[in-house]
Amino acid sequence: MVFRHLGQRIREERTRYRLTQEQLAEAAEVNESYVGQVERGEKNPSLETVVSIANSLGVTLDYLLQEEIKVEPDSLINELVAIAKDKDPEELRLMVNICRMIDDYTAKVRQKER
């Protein structure tokens, strides 16, 4: 587990909800300076503390703990091509339609976030 990533994820969620470190600390029942140390990756919080912070932010524990995986776009395209290979035209049409639906949905979500 990379605690620096955990701290970054906590900071992202805290700022998304426009909470100060003090407000998060109060909700999670920890010290304000401790929140800052966790966000900077200087302190490794206990599981109990991470659960309390997750609950205070309204996110799941697994969301806070999962590490971001950097993937090159070309490798994802190659993976899609491998999946599509040897599919009949009806299956390919279904796959394309699903991809378009996901693309439309994510565009709408991004537009609402602005």
Completion exercise
Helix 73-84: inclination vs the chain longest Cα principal axis, degrees, rounded to 10, gives 50
Problem - Degrees between helix 3-16 axis and first principal axis of the chain (Cα, 0 to 90, nearest 10) - result: 90
Completion exercise
The number of Lys pairs in the chain whose alpha carbons lie under 29 Å apart, excluding pairs fewer than 8 residues apart on one chain, is 5
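Let me check something: with ligands and nucleic acids excluded, how do ARG14, ARG114 order by accessible area (1.4 Å probe), largest to smallest? Walk me through the numbers before you get to the answer.
Values: ARG14 25, ARG114 220 Å².
Per-residue accessible area, sorted high to low, gives ARG114, ARG14.
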Handout entry: 0 to 90° range, to nearest 10: angle between helix 89-113 axis and the chain longest Cα axis
Key = 30
Practice task
Find the accessible area per residue for segment 1-68; the probe is 1.4 Å, ligands and nucleic acids are left out, and the unit is Å².
Solution key: 62
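Relative to the Cα centre, what is the charge dipole magnitude of the chain, using +1 at the beta carbon of each Lys and Arg, -1 at the beta carbon of each Asp and Glu, and rounding to the nearest 20 debye? Numbers along the way, then the final one.
Details: 17 positive and 22 negative charges, 85 e Å.
It works out to roughly 400 debye.
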Problem - Highest to lowest packing among 73-85, 37-49, scored as the average C-beta count within 10 Å - result: 37-49, 73-85
Handout entry: Diffusion constant of segment 55-108 at 20 °C, which comes from Stokes-Einstein with the Kirkwood Cα-pair radius and 1.002 mPa s, µm²/s
Key = 151
Problem - Of all accessible heavy-atom area on the chain, the percent that carbon and sulfur account for (1.4 Å) - result: 52
Problem - Dimensions (Å) - the chain, Cα atoms, principal axes, largest first - result: 59, 30, 21
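The values are calculated or read from the model by the stated rules, or taken from the named source; none is laboratory data. Note that the structure is predicted; figures quoted are calculated from it, not measured. Quick reminder, even Gly has a Cβ in these numbers, built from the backbone with ideal geometry, and neighbours come from all protein chains shown. The protein model used for the area step is the full one, side chains on, heavy atoms only, and it has no ligands, DNA or RNA in it. Shrake-Rupley method; radii C 1.70, N 1.55, O 1.52, S 1.80 Å.
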